[in-house]
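Everything on this sheet refers to the single structure shown next.
The values are calculated or read from the model by the stated rules, or taken from the named source; none is laboratory data. These numbers were taken from a predicted model, which means no experiment stands behind them. Virtual Cβ from ideal backbone geometry, glycine too; neighbours counted across all protein chains shown. Protein only, heavy atoms only, side chains kept; ligands, DNA and RNA dropped before computing areas. Shrake-Rupley method; radii C 1.70, N 1.55, O 1.52, S 1.80 Å.
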Amino acid sequence: MRIVVLIKQVPATDKVKIDEETGTMKREEMEAVINPLDLYAIEASLQVKERIKEDSEIVVISMGPPKAKDIVKEAISMGCDKGYLLSDKAFAGADTWATSYTLSTFIKKLGDFSIIFTGERATDGETGQVGPSISAQLDLPILTYVSKIIEIGEDYIIVERETEEGTEILKSSLPCVISVIKAISEPRLPTLRGKLKARETEIQVINLKDLGLSEKEVGLLGSPTRVVKIFYPKLSREGIKIKEKSPEKAVDAIINFLEERGIL
Amino acid sequence: MKDVFIISEVREEKIHPVTYELLAWGRDLTDKLRGTLSALVLGNNLEEQLKELIFYGADKIEFFKHKELEVFNVENYTKILVPFIKEKNPEIILASATTQGRTLMPYLAGKLKTGLTADCTYLDIEEDTGLLLQVRPAIGGNVLATIKTPEHKPQMATIRPRNKKPLPRNEKRKGEIIVHNINEIFSPRVKRIDFKKREKEVSLSDVEIIIAGGKGLKNPQNFSLLFDIAHLLNGAVGASRSAVDMGWIEYPHQVGLSGKTVNPKVYIAVGISGAVQHLAGMINSENIIAINKDPEAPIFQVSDLGIVGDALEILPLLKKKLYERKKKDV
């Protein structure tokens, strides 16, 4: 069985640089880490691998600047087997549709697989749209907000999915796309053996030409959406700010405020 | 014809109130476009509830009826919606940024090859182009971005719940109800085999007051003071993302872009600096009190009462005073 895990490089800090012209992030200039929520996708793939008896392989795929090789290596040090990085200047500025299209094109070339795991969303863009969009573009079933894998067979999987109302038990045929949430289980740390393996593993870099796509189909040019303005929110409350040296006076101010609003 | 579609949120055969917020957004955009607002509803025994959608702002209800639609299923929904959308060619499609909307909409947009903006907090129509302006917190939630879908139709967006009040219910509003009896036999690849309803959910929506804590509280012991104070105020406890990430409190308490959106009568933010990520979830509260050590913290820009001071000194005293008041009342 072959399992695919999709991961994304995100900025390590809150201090993000924005390209004023395109309104997208300057990814080259940032200190970057693996999207924290993708660690749960990696963990889920490792657990599936441990659970099934037949030989299986976990393939990690990321799209990003050349530096994103590091996060693919990190996934390998956690126990994944193989890694690819889709990287090309033309991919820059892609929205969720164009990102999904680029990834889907590569996944089609990759050949057979049983599951694609993703994190719930990335901590930078916070859209959570790439998993479902890829499943639509590959015409696969999608299971989102998955908190537990109950059973897995040769051609099916049974999972728990969390919604606002409760927990659904869903059965899906394979192959399918699964986005997991934190409840799936705590991600493991890289092992020393894993780190050595990651050092020796060659991460194959895939560019526009390898995918057989044109510049117009990817990146900013291939994106249906455009960021037209980035701005700091106008914060309009004209409240009072008091600097209280004594906590007593601060507490009095709070209690007065609550009394005036009829809470107390 | 400039049509606007909203996809109604149906949970366990009930139209969820978040749909009325969608109608309020949709009504606003439709009036600016001088078009028609249609509410798409998928389900089975919903006839009784459909009129409500007209009372809350819809011009037209398109009801797709089939036994198998009693349960939300992405593939079933898509099989019905994709051909219908292609035939009607609406300008705009809106859905809620819920587990349903956030699953269905990217799947639909993937099939329709069009743009989709996630988690919008504000929508408008650009005057000269008639295009949908979609505003959402971006880039880790530190700024707001306006996003357009200039050349693709429909323009699609999911909207954060509780960012707009529903229109007043008006029983005199007239509208058309169209029932599509679906005959096709579904064979979705995903099937729901069981459902366990959550016993008791952490509710931040039914209380008048929320006291929320962040990184500034430093440790779980300090954080637990918030529960005591919330109890004394008959309120609930909220949290910033960092407090949840550090494991001081569970995710259902998280307020912000990646958590819940709340609008209580009073919101008290303690040790929360006020990144846009957090503000997105609480800015519509009626009154905001902020307690923070840093006088430059952005939370003070949205607060009605801002207290520059040490929360770790203020909270124990606040607890004590509230407790004394309560004792006196009894």
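In region A:160-219, counting only strands (runs of 3 or more DSSP E) that sit wholly within it, the ones holding 2 or more residues that are open to solvent by less than 50 Å² (accessible area, probe 1.4 Å) span A:166-173, A:176-180. If you go through region B:209-253, how many residues are in a loop (DSSP other than H, G, I, E, B), acidic (Asp, Glu) and more than 13 Å from chain A (Cβ to nearest Cβ)? Adding up the residues that qualify gives 0. Each residue in region A:60-112 was checked for being touching a Lys or Arg at 6+ places or on another chain (Cβ under 9 Å), of a type in the set (A, V, I, L, M, F, W, C) and surrounded by fewer than 19 Cβ atoms within 10 Å (Cβ to Cβ), and 1 of them qualify.
Consider B:Ile159 carefully, then state whether it is within 19 Å of the chain's Cα centre (by Cα), within 30 Å of B:Leu53 (Cα to Cα), crowded, with 20+ Cβ neighbours inside 10 Å and at the interface with chain A (Cβ under 9 Å from one of its Cβ atoms). Answer is no for this residue. If the condition is being of a type in the set (A, V, I, L, M) and part of a strand (DSSP E or B), then region B:157-181 contributes B:Ala157, B:Ile159, B:Ile177, B:Ile178, B:Val179.
This table checks each residue for (1) more than 11 Å from chain A (Cβ to nearest Cβ); (2) in a helix (DSSP H, G or I); (3) surrounded by 23 or more Cβ atoms within 10 Å (Cβ to Cβ).
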position	(1), (2), (3)
B:Ser258	no, no, no
B:Gly274	no, no, yes
B:Glu313	no, yes, no
B:Arg325	no, yes, no
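Taking the criterion of being at pLDDT below 95 and not basic (Lys, Arg), the residues of region A:51-64 that qualify are A:Ile52, A:Glu54, A:Asp55, A:Ser56.
Hey, can you tell me all the residues within region B:182-201 that are surrounded by 15 or more Cβ atoms within 10 Å (Cβ to Cβ) and under 23 Å from A:Ile150 (Cα atoms)?
B:Pro188, B:Arg189, B:Val190, B:Lys191, B:Arg192, B:Phe195
When we screen B:Leu94, B:Leu116 for residues that are among the hydrophobic types (A, V, I, L, M, F, W, C), crowded, with 20+ Cβ neighbours inside 10 Å and away from chain A (no Cβ under 14 Å), the only hit is B:Leu94.
For every residue, the table says whether it meets (1) at pLDDT 95 or above; (2) open to solvent by 10 Å² or more (accessible area, probe 1.4 Å); (3) hydroxyl-bearing (Ser, Thr, Tyr).
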| site | (1), (2), (3) |
| --- | --- |
| B:Gly238 | yes, no, no |
| B:Asp245 | no, yes, no |
| B:Glu250 | no, yes, no |
| B:Thr261 | no, yes, yes |
| B:Pro264 | no, no, no |
